[in-house]
Amino acid sequence: MSKKQIKIALAGNPNSGKTTLFNAFTGLKQKVGNYPGITVEKKTGKSNFSNDIVAEVIDLPGTYSLFPKSVDEEVAQQVLCNNTDEDYPDVTVIIADATNLRRSLFLLTQVIDLNMNVVLALNMVDIATKKGIVVNVDLLAEELGIPVVAINARKRKGIDALKEAIVNTLDKKPKKSFLDVRRIFQGVIEKANEIRGIENDYASFLALCKQKLSGEVFNRCALNQLCKKHEIIPERAQAKETVKRYKAIDKIILSAVKKGAPVGRYQFTKRVDDLLIHPFFGYVIFLSILLLLFQAVFSWSAYPMELIDSLFTNLSIWTADALPQGMLNDLVVNGILAGLGGIVIFVPQIAFLFAFIAFLEDTGYMARVSFITDKFLRGVGLN
């Protein structure tokens, strides 16, 4: 008896644990290629979901929304919005970072509005708990109208429960749309559906916003005329929809997510953060670090600079004595060696400076500097 073949798409924000979940599903049964005509990596793999179901798992490029701003995001949009695409899934699994749920839910709610079979995989719940963020999974599932499963992709916890939820969702569409775009743009979405010949409100809204939905042939001119008739500017329509979507998301976050005090090292990190981004002490610490940085660069680099200067001086004296007097002597001593010495002597300063900057970047301090200086610099156009 042959097993039932299904397709599962993994979608989510970059760095949400999507690829880790893909590896947990597929193990070594992976295939890497490129999407047709685009040099964007395409990962697919096989996974046994039950005794009679085998899934082809597709790891879509990371995206923040269905309004793409890069080629990677465009690929994810085309797969999710085009039911004739070879990678169009039977079930879409949205992987959300539990520590930053608000941002992850934006993409999820868009996919729900496409009337797809959706499961939310809530990743990094353990880290969120340590940070004082407690997510009521059952309430979140009730509010969204879709299955929500808490997982830890790195430790492979909750994977079996996620597989079960995916199988149970195969023939179940979301109970309701998350955001009713018909109500927001009255009289427009219905006509857009007629022009496209497909009854999908949110896909028609994307088409009105001039999103290119591959695989569809519809009258672009007619859609433009529809926008003109109802005075709809695509960019403003997108912004209006985004604001309303986030307002609805914020209500869910308020009821399903509670914030408490962080524990362990996250408690220490929170206290340090409060100090580093303080409206007064944050600037004092920043200026002190800059002073320390430049003082260290000049003082610590003095020793290797003196060593390099001494090396080139001795080398020049030895070369001047070794070569006969003349143009060749002047070229090597006063030209090549003097020029090289003048450049190489600054290498220690540059090395120390970049080492300090790399350290500040890797520790996350530069991001906090950006945060505290943004308001000040925004006034002169340097946000």
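Quick one: in region 95-124, of everything that is at pLDDT below 90 and among the small types (Gly, Ala, Ser), which residue is nearest to the chain's Cα centre (by Cα)?
SER104
Failed condition for VAL297, given (1) out of contact with any strand residue (DSSP E or B) (no Cβ under 9 Å at 6 or more places or on another chain); (2) surrounded by fewer than 12 Cβ atoms within 10 Å (Cβ to Cβ), with all others met?
Exception for VAL297: condition (2).
The conditions are (1) closer than 30 Å to HIS230 by Cα; (2) modelled with pLDDT under 85, and LEU179 fails exactly one of them. Which is it?
(2)
Just a yes or no: is a residue in region 207-217 of a type in the set (A, V, I, L, M), assigned to a loop (DSSP other than H, G, I, E, B) and either in contact with a strand residue (DSSP E or B) (Cβ under 6 Å, 6 or more places away or on another chain) or modelled with pLDDT of 90 or more (or both)?
no
Of all residues in region 51-72, which are part of a helix (DSSP H, G or I) and either surrounded by 21 or more Cβ atoms within 10 Å (Cβ to Cβ) or aliphatic (A, V, I, L, M) (or both)?
VAL71
Between residues in region 360-372 that are in the same structural domain as LEU293 (by TED's automatic domain parsing) and residues that are of a type in the set (D, E, K, R), which pairs lie under 8 Å by C-beta distance while being six or more apart or on different chains?
The qualifying pairs are ARG368/ASP273.
Can you confirm whether region 269-288 contains a residue that is in a helix (DSSP H, G or I), touching a Leu at 6+ places or on another chain (Cβ under 7 Å) and in contact (Cβ under 8 Å) with a residue 12 or more places away in the chain?
Yes, region 269-288 contains at least one residue that is in a helix (DSSP H, G or I), touching a Leu at 6+ places or on another chain (Cβ under 7 Å) and in contact (Cβ under 8 Å) with a residue 12 or more places away in the chain.
Does region 151-160 include one or more residues that are hydrophobic (A, V, I, L, M, F, W, C) and either touching a Cys at 6+ places or on another chain (Cβ under 6 Å) or under 24 Å from ALA248 (Cα atoms) (or both)?
Initially, region 151-160 is screened for residues hydrophobic (A, V, I, L, M, F, W, C), giving 151, 153, 159.
Applying the additional criterion that residues be either touching a Cys at 6+ places or on another chain (Cβ under 6 Å) or under 24 Å from ALA248 (Cα atoms) (or both) yields none.
No, that holds for no residue.
Restricting attention to region 79-96, does a residue exist that is in contact with a Pro (Cβ under 6 Å, 6 or more places away or on another chain) and not acidic (Asp, Glu)? Even if it seems obvious, please write down each step before you answer.
The initial filter retains those residues of region 79-96 that are in contact with a Pro (Cβ under 6 Å, 6 or more places away or on another chain), namely none.
The answer is no; no qualifying residue exists.
Among the residues of region 80-89, count how many are surrounded by fewer than 24 Cβ atoms within 10 Å (Cβ to Cβ) and either part of a helix (DSSP H, G or I) or touching a Ser or Thr at 6+ places or on another chain (Cβ under 6 Å) (or both). Before the answer, list the steps.
Narrowing region 80-89 to residues surrounded by fewer than 24 Cβ atoms within 10 Å (Cβ to Cβ): 82-88.
Cutting the leftovers down to either part of a helix (DSSP H, G or I) or touching a Ser or Thr at 6+ places or on another chain (Cβ under 6 Å) (or both) gives us 82.
Matching residues across region 80-89 total 1.
Looking only at region 208-224, decide whether some residue is of a type in the set (Asp, Glu), touching a residue at least 40 places away in the same chain (Cβ under 8 Å), surrounded by 17 or more Cβ atoms within 10 Å (Cβ to Cβ) and on the phi < 0 side of the Ramachandran plot.
Among the residues of region 208-224, not one is of a type in the set (Asp, Glu), touching a residue at least 40 places away in the same chain (Cβ under 8 Å), surrounded by 17 or more Cβ atoms within 10 Å (Cβ to Cβ) and on the phi < 0 side of the Ramachandran plot, which makes the answer no.
Just give me the residues in region 147-178 being touching a helix residue (DSSP H, G or I) at 6+ places or on another chain (Cβ under 7 Å), of a type outside the set (Lys, Arg), in contact (Cβ under 8 Å) with a residue 40 or more places away in the chain and under 14 Å from ILE95 (Cα atoms), in sequence order. Please lay out each step first, then the result.
Of the residues in region 147-178, the ones touching a helix residue (DSSP H, G or I) at 6+ places or on another chain (Cβ under 7 Å) are 147-154, 156, 159, 174, 177-178.
Those still in the list that are of a type outside the set (Lys, Arg) too: 147-153, 159, 174, 177-178.
Retained after the next criterion (residues that are in contact (Cβ under 8 Å) with a residue 40 or more places away in the chain): 150-151, 153, 159, 174, 177-178.
Answer for region 147-178, where residues must be touching a helix residue (DSSP H, G or I) at 6+ places or on another chain (Cβ under 7 Å), of a type outside the set (Lys, Arg), in contact (Cβ under 8 Å) with a residue 40 or more places away in the chain and under 14 Å from ILE95 (Cα atoms): ALA150, ILE151, ALA153, ILE159.
Would you confirm whether or not region 28-40 contains a residue that is touching a Gly at 6+ places or on another chain (Cβ under 8 Å), modelled with pLDDT under 85 and charged (D, E, K, R)?
So far as region 28-40 goes, yes, one or more of its residues are touching a Gly at 6+ places or on another chain (Cβ under 8 Å), modelled with pLDDT under 85 and charged (D, E, K, R).
The values are calculated or read from the model by the stated rules, or taken from the named source; none is laboratory data. Note that the structure is a prediction, hence the values are computed from the model and not measured. As a convention, Cβ positions derive from the backbone with ideal geometry for all residues, glycine included, and neighbour counts pool all protein chains shown.
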